[in-house]
Amino acid sequence: MNMKQVGIIGVGHLGSALISGLLKSQYLDPKNLFISGGSSDRAQKLALQLNCHFCADNSELASKADILILAVIPQILPEVLEQVKPAIKDDTIIISVASSFTLAQFYQYLPKHAAIVRAIPNIPSAICQGMTAITPSPSIKSLQLEQVKQLFLAIGKIALIKEKKLEISGTVAGCSPAYVALFIEALADAGVLAGLSRDEAYLFSKQAVLGAASILLEQDMLPAQLKDAVCSPGGTTIRGVAQLEKFGLRNAVIEAVKASAKIKD
């Protein structure tokens with residue numbers, strides 16, 4: 001059990017996912033969690049539900065946090081940083097999960113010695129199956145970085161990467177749950193078309209995708225290896241794969257990632 005005091009500003013989809021995962025993993029005890037968020041009463045209701053601490057004021061939350069997680073949109077980060085700057089302790093670890101707000105921008109608001117980390121987790125973090133890309137600032141100490149790694153390892157897998165790769169990493173990991181959900185829905189629709197009930201089709205599709213991803217990770221397999229293992233000569237699977245290639249599944253996914261990442265040809 002981690003005894004650090006963790007403060008999370010922002011209880012939207014991503015902030016809530018982090019809260020759920022950190023509590024579910026037992027990395028964090030509710031008594032050591034402080035949350036705040038926006039003008040609505042969502043954060044207050046969530047704190048009451050989870051038996052953690054609610055702070056109406058971001059500065060108050062920052063004064064209590066050993067690890068401060070900023071789970072707000074980039075547009076309001078400057079305002080939030082102005083609010084918390086006077087209250088942040090010298091050894092506080094500051095983690096931003098906002099995209100497109102660089103380390104250089106952070107140092108326009110915070111001291112050069114501040115221990116800042118940019119991290120891009122995804123929604124499956126809520127059930128401790130997340131994927132988080134991490135970029136530490138040069139000023140962070142090795143022990144502080146280890147604490148950050150342990151926090152995100154509690155809710156999934158991590159990768160330390162250069163900041164220039166952070167946005168595309170966030171796109172691949174962060175947007176892909178929607179892409180996969182769309183694939184599962186299409187697979188289930190095909191099952192219903194062939195005679196399965198909707199519940200049966202969703203169960204088979206969800207578990208098949210989960211199983212495929214799990215075996216790739218656990219056996220450190222390349223996707224092509226699994227595909228080849230399932231495709232027997234002249235069999236049903238290779239005929240299906242040929243149709244996916246014919247109708248452009250691979251290219252559609254590439255174009256989706258390019259559009260999400262705003263990559264131009």
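The values are calculated or read from the model by the stated rules, or taken from the named source; none is laboratory data. Note that the structure is a prediction, hence the values are computed from the model and not measured. Note: ideal-geometry Cβ built from the backbone for every residue, glycine included; neighbour counts use all protein chains shown. Each accessible area value is taken on the protein alone, full model and side chains, heavy atoms only, with ligands, DNA and RNA left out. Shrake-Rupley method; radii C 1.70, N 1.55, O 1.52, S 1.80 Å.
Values as computed for the structure displayed
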{"quantity": "Cubic angstrom per residue, convex hull over Cα atoms of region 162-265", "calculated": "132"}
{"quantity": "Ratio of Rg to Rh over the chain (Cα coordinates, Kirkwood Rh, two decimals)", "calculated": "1.03"}
{"quantity": "Convex hull per residue volume in Å³, alpha carbons only, for region 30-103", "calculated": "89"}
{"quantity": "Projected area, mean over directions - region 75-232, Cα convex hull, nm²", "calculated": "12.1"}
{"quantity": "Separation of alpha-carbon centers, region 1-61 and region 231-254, rounded to whole Å", "calculated": "45"}
{"quantity": "Peptide ranges 74-85, 129-140 listed from the most packed, as the mean C-beta count within 10 angstrom indicates", "calculated": "129-140, 74-85"}
{"quantity": "Extension reserve of the Ala104-Asp91 stretch, reckoned as 0.36 nm per residue once the Cα distance is removed", "calculated": "2.7 nm"}
{"quantity": "Cβ-Cβ FRET estimate between Asp220 and Ser139, R0 fixed at 30 Å, reported to 0.05", "calculated": "0.30"}
{"quantity": "Accessible surface ranking that places the most exposed of Cys55, Cys128 first, with a 1.4 angstrom probe", "calculated": "Cys128, Cys55"}
{"quantity": "Convex hull (Cα only) mean projected area of region 48-150, reported in nm² to one decimal", "calculated": "7.0"}
{"quantity": "Rg and Dmax [Cα atoms of region 211-265; Å; Rg one decimal, Dmax integer]", "calculated": "14.1, 40"}
{"quantity": "Chain lengthening between Phe204 and Ala242 when straightened (0.36 nm per residue, less Cα-Cα)", "calculated": "11.5 nm"}
{"quantity": "Translational diffusion coefficient (Stokes-Einstein; Kirkwood radius from C-alpha pairs) of region 71-130 at 20 °C, 1.002 mPa s, in µm²/s", "calculated": "172"}
